[in-house]
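Here the structure comes first, spelled out in structure tokens, and everything after it is commentary.
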Amino acid sequence: MTIRGGATLAYARNSIEQRLLEDEPQALGQVVRWISVVLTAPRFWPLRAEWADLQQETLMRIISSLRQERFDPSRDFRAYAQGVARYTALQAFGRKRHDAFEIAGDDLPSPAAGPEERAIQHQLVRRIFEQISEPCRELVRLYFLDEQDYEEIAGRLSLPQGTIKSRLFRCLQAAHRSLHRKALSCERMASTE
Amino acid sequence: MSCHDEFQIEIPAYIASRMASDASRIMEEHLRGCDECREIASAWKAIVPALREGGEALFEEHPLEMTLRDHARGESRHDGAVARHVDRCASCELEVRFWASRHEPAEVRVRAALTPSGWRPPHAIWSAAAGLVAGAAMAYFVLASGLHSDAGRRAAWAPPEIAALSGRAPQVVLPRTVRGDGVERHVSLGAADRSLIIAAQIDLPEDPGDAGRYRFDLRDGDGTSVWSTELDSGTMRADAEANEVISFVVPAGSLAAGRYTFAGGPDAATGGFDSSYRATIVVSRAEN
């Protein structure tokens, strides 16, 4: 057991850290999911050919860190694991000297693009919908996917049509801002490399 | 409400192409002069077709981690729905690739130990290992329990693919060889390593009806056997045909730093075992 800074670092029985060290499938699955979410973020799309390798590399780093008891169990393990994933991906960017803006923000591939670009579109759209609020998701879904008109949506949600119209626009605006923030964050990352 | 606000709330209708042509033309005039509205409209003009094409799948919850694992193994009960989701979800697809890779040879890991000739085991090396060394693994489990007093802190024995994934099982890949050709491979074992995986490409006799037994052992520099195992040729043949390698798990605790001879062969007519396969493994011990 390692003593560091006067504190005893050990992973509690049944903690995710300990279960990961024991190769418990559910713990492994959980950590793999955390890693996958980070690596497949739009900012890391230029690295998509390396995702599987980066996933393995990240997992190895996390496990190695746990085995050496370098992770402080009082911290949030998810944040730590995802931090390792981000760091690993950024290192890969450094190796490739790739342009982080290849797929960023509102530079979505055109609708007439090929299968690869269309797959990217689907991934980005999914990410956008994961980031907006549930009421916004519902509104966007009703209007754009189910193709209901304002009157139908207003009746369904028991709200005035004007409210529906302004809310829907605000949802689009919020999603756009979120995309924009991501692009800026990419820019910062690239400039610090 | 300002004029700009009035245009803004009509942007969804413009994006969805639900505006009358006159209104649409007026909107486009506004967009030409308004950066903010133009950026939002332009981004959503690209998103909406993808949204319609992706359909409901874009709004679905992600399948559970274990569902994706089962899907990777072809054991999911909801394979169609999961496949559709995976097709549209990069993170889930990456998870599936992870689980699928655990049933394959983990080529990236094995590649590091390839011979200069470039040979590498094709697929499912670990499943071969799991199948062939089950007996050895069980024996090792019992052995390891006795060897390591801190077993409670350490992971229990795991199948080779899990052990290798977590870095707990270094491996050495031995190419096809003939007696005395001097194949030598180096491997470093750490204090935390509980097993060494030896993956050997071994030629088996042509006769598929042969039902003899094979014996393999690992001897130190003094010729003392530190590990041995026996396998029947039928099992070896099936796995070698599927995987091109035969894998063995050797307890790392029994291996001090030094040179070892890994040798083995079929039960000879004389009653002993031939050692037609022979290679040298040089073990070094890492500090930590």
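How large is Rg over Rh for the stretch B:22-92, taking Rg from the Cα atoms and Rh as the Kirkwood inverse mean of 1/r across Cα pairs?
1.29
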Sparsely packed chymotrypsin sites (Phe, Trp or Tyr not before Pro) within the stretch A:23-70, loop by DSSP, other Cβ within 10 Å at most 14: none
Label-point separation in nm, B:Glu61 to B:Arg38, each point 7 Å along Cα→Cβ: 4.4
Relative contact order [Cα under 8 Å, 6+ residues apart], the stretch A:21-90, whole percent: 47
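Taken together, the values in this text are just the output of simple stated rules run on the coordinates, not laboratory data. Bear in mind the structure is a predicted one, so any value in this text is a computation, not a measurement. Glycine gets a Cβ as well: all are built from the backbone with ideal geometry, and neighbour counts include every protein chain shown.
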